[in-house]
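Peer 1: The structure that follows is given in the form of structure tokens.
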Amino acid sequence: MAKFNKKIMKNYLKPRLMKKDENGVRVKIYISGHMIGAGKMELFNLVNQQGSISKAANLMGMSFSRANMLLNTIQEAFEKPVLIKNSGNKGTKLTEFGLELLEKYLKLCEHLTSESKNFINWAQSKQ
């Protein structure tokens, strides 16, 4: 299995991503007409951390069925599976491809946040 930066994966996307008065970037990517954005990837990251769709959904304040639907929209964007759901409600984990997708998305967010700091500082100075 590929090695991933666990510090980025555990710490970068926090539940509720940004507070109303915070500055930053929320990334929305379109892949062949499928949208993958911050909310879906926050859920995806929580599934990775919790090992459970139900637990991740509860942390985000949504129903299991809504969480499952959102995760299915991520899966629809790719031919390779992104999740492995264990039978008998025994948890869910990300596939190697799912982990790679999460890591690349988090790195993109980190890069864009870093690159946007100058713009944000400039914009704040004009308020």
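The values are calculated or read from the model by the stated rules, or taken from the named source; none is laboratory data. Computed from a prediction, not measured in an experiment: that's the story for all the values here. Please note: Cβ atoms are built from the backbone with ideal geometry, for glycine as well, and neighbour counts cover all protein chains shown.
Peer 1: Which one is surrounded by the fewest Cβ atoms within 10 Å (Cβ to Cβ) among residues in region 45-65 that are polar (S, T, N, Q) and farther than 23 Å from E100 by Cα?
Peer 2: Kept after step one, since they are polar (S, T, N, Q), are these residues of region 45-65: 45, 48-50, 52, 54, 58, 63, 65.
Pick out the ones that are also farther than 23 Å from E100 by Cα and you get 58, 63, 65.
Values: N58: 15, S63: 12, S65: 10.
Per the stated criteria, the residue is S65.
A quick yes/no check of all residues on (1) hydroxyl-bearing (S, T, Y); (2) loosely packed, with under 13 Cβ neighbours inside 10 Å; (3) over 21 Å from R26 (Cα atoms); (4) modelled with pLDDT under 95:
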position: A67; (1), (2), (3), (4): no, no, no, no
position: L70; (1), (2), (3), (4): no, no, no, no
position: G91; (1), (2), (3), (4): no, no, yes, yes
position: A123; (1), (2), (3), (4): no, yes, no, yes
